[in-house]
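One structure is given here, and the rest of the page talks about it.
Values in this text are rule-based calculations from the coordinates and carry no lab data. If you're wondering where the values come from, they're calculated on a predicted model, not measured in any experiment. Counting neighbours? That spans all protein chains shown, and the Cβs are built from the backbone with ideal geometry, glycine included.
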């Protein structure tokens, strides 16, 4: 069994940790380093927004060679955004990530309390925020296709209607596409506090 990761205290209340997620394929262990950075002088990073779900720590993230137990709900997005090769580290995507369950020492109540106060700034300063709604299901592509169609209609026409539209032909509200979209919005992500 691998030794458990031990957090070092943050140097001040204006400092956060960022995940440097190492390249790897989906069948390889997740490996990273934690780097500290000061608000106001942060490198480009992506913040991951996800739902904590049940506290079942069924996966391992190797932090500097030591194990840190993580939940399925965090493993999924880390696995998804992990660069497969250095080519992923282009301008569009940063190598640094921020995810609260890893970047905040969850066992240190004082740190947790202090870092929660910075979360708004952390999300505001992110290059982009990746919202992890959960793993894809059979109807997820249908839901995304309908969402793209509705957004395009709203942009072009300035309104959204469920009535058949000559150009857009939005489907009846009881169609499988609308049901798929409804299922997407019923995921736990949309009901977290």
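Worth pointing out:
- Residue in the stretch 25-44 that is touching a residue at least 12 places away in the same chain (Cβ under 8 Å), under 14 Å from residue 97 (Cβ atoms) and out of contact with any strand residue (DSSP E or B) (no Cβ under 8 Å at 6 or more places or on another chain) present: no
- Test for residue 106: is it closer than 20 Å to residue 78 by Cβ, crowded, with 18+ Cβ neighbours inside 10 Å and touching a helix residue (DSSP H, G or I) at 6+ places or on another chain (Cβ under 9 Å): no
- The one condition in (1) farther than 12 Å from residue 102 by Cβ; (2) surrounded by 14 or more Cβ atoms within 10 Å (Cβ to Cβ); (3) in contact with a strand residue (DSSP E or B) (Cβ under 8 Å, 6 or more places away or on another chain) that residue 18 fails to fulfil: (1)
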